[in-house]
Amino acid sequence: MEADAQKFTITIQGLAVLSAIPLVGFALWSDYYGRRLEKLKTEKEGFDKELESARIRLASVSVIIFQLILLFGSVELRRSHALAVNGILVSAVLIQGWMQALAERKLGLPQANLKEQFKRNLLGLLWISTSVLGYITVVLACTALFGWFGQVLGVSKAAGFIFTSVGAISGLIGGMALNFALAPIHLRKLIPSTPLEAEYPILAEHCRQAFRSCGLATPALLLMAATNSRGTTAFISGFRWGRGPFRPALFISRELIEKLTPAEVQAVIFHEMAHVLLNHMAKRFLFSSSLVAGLTIAGVALTLLANRIFPADATTQQLTSILALISFFGAFRWIGHQSQKQEVEADYFAVTRLTVDLKVFAATLRKLDNLNGVNPDHSGRMHPSTELRIAVLEHVLGSPKLNKIKSDQDSDQRAA
């Protein structure tokens with residue numbers, strides 16, 4: 001008994017040390033980053049705050065991925081001592097979030113005080129955990145239901161495996177659909193916001209009129225505070241057909257309203273309306289679902305192949321973990337490409353169909369980059385660079401062939 005207790009103590013201590021290594025590494029990097037940032041401030045009048053913020057988040061995500069690897073690699077230990085192991089890893093993630101907040105404060109961006117920010121991050125983590133648990137519950141429920149259905153039908157072992165796989169895929173897609181539909185609620189919980197009507201009733205009425213003129217139900221109009229490096233922003237979330245708790249929401253930051261002209265604010269709102277009219281959220285869900293289904297089927301097939309090549313071997317488990325990581329990051333990369341394409345589509349629709357003046361729209365994009373400290377030539381993971389978006393619009397709208405097609409389409413619409 002005493003030997004077992006000693007073994008447990010050593011194992012837990014070892015896990016704590018492994019968990020602390022990336023935290024110490026991030027702290028050292030953060031100190032170096034702070035000194036580098038001070039040098040940038042003295043040498044340059046302005047610098048790309050979005051790029052610097054992205055570097056902090058990338059370093060932070062690397063640490064969290066390491067913690068997740070520890071979590072998935074300590075299955076046996078978690079089964080026997082779940083409280084201690086989960087406590088260590090959750091504490092590591094919370095400490096990492098706190099250190100990330102400290103690092104981002106060095107950028108001099110508008111943020112709440114550290115105590116409020118830590119509280120918000122903690123509540124956000126709890127809400128995200130709840131969402132993830134709900135997603136996992138849907139996946140497990142569908143998998144169990146299809147597996148039970150296969151047993152009731154008395155199918156063979158191979159057919160039962162297929163039933164279970166179909167259930168898992170159905171659960172993944174169903175959970176994703178639920179999260180997409182509930183995205184406005186998730187964001188309200190994560191981003192402090194108030195009804196736009198309370199402070200800007202005239203703007204709220206203009207938004208309602210704009211949506212009604214396009215035959216759209218007005219989304220929830222919410223005013224948000226700056227909670228990240230891109231404080232001057234607006235975005236829409238939720239499916240076009242959503243009603244009640246699934247009603248889409250348009251989030252607009254106070255800085256955007258105060259620092260942009262009325263014409264520029266209208267350009268931003270029309271761009272977000274274009275996303276709704278083009279059903280971009282539904283298309284993103286369908287694309288994501290196809291990726292999940294395809295990658296899951298490929299992963300199952302490769303795992304079965306690995307089982308044949310390496311029966312009862314640890315290599316199979318390692319291969320499965322590697323495939324899962326590749327699928328996860330590959331899917332996000334492809335979704336990022338789709339998002340960039342949709343931004344350009346929304347730009348074109350806003351200018352050609354919602355009559356936003358191209359010069360006003362280009363000036364608005366550049367002004368937003370300037371306010372957010374973003375390099376207009378820098379492309380993000382979900383957005384192409386501002387200069388690229390403007391160049392595409394100028395090129396497309398300057399094409400005689402495309403202008404003729406647009407003119408013909410407008411004539412057809414008027415005739416109809």
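Our Cα-only numbers for the range 192-259 put the radius of gyration and Dmax at 12.0, 34 Å. Working from label points 7 Å from Cα in the Cα-to-Cβ sense, the ARG208 to ALA144 distance is 4.6 nm.
Multiplying the residue separation of ILE69 and ILE95 by 0.36 nm and subtracting their alpha-carbon distance yields 7.6 nm. Among 195-207, 355-367, sorting by the average number of other beta carbon atoms lying within 10 angstrom of each residue, highest first, gives 355-367, 195-207.
Projecting label points 7 angstrom from Cα along Cα→Cβ for GLU394 and GLN151 puts them 6.6 nm apart.
FRET efficiency for the VAL61 to HIS337 pair, using the beta carbon distance and R₀ = 22 Å, is estimated at 0.70.
If you stretched the chain out fully between THR218 and ARG105, how much longer would it get, using 0.36 nm times the residue separation minus the C-alpha to C-alpha distance?
Going from the current span to full extension adds 37.1 nm.
Just going by the charge dipole of the range 192-259, with Lys and Arg at +1 and Asp and Glu at -1 on Cβ, which of TYR200, TRP241, THR218 is farthest out on the positive end? Among TYR200, TRP241, THR218, the one farthest towards the positive end of the dipole of the range 192-259 is TRP241.
Per-residue extension of 0.36 nm, minus the Cα-Cα distance of MET382 and LEU28, leaves a gain of 124.5 nm for this segment. Note on PHE246 and THR11: with the Förster distance fixed at 35 Å, the Cβ-Cβ geometry gives a FRET efficiency of about 0.15.
FYI, it's all coordinate maths here, none of it is from the lab. On a predicted model such as this, the values are computed, not experimentally measured, just so you know. Methodologically, a virtual Cβ is constructed for each residue, glycine included, from the backbone with ideal geometry; neighbour enumeration extends over all protein chains shown.
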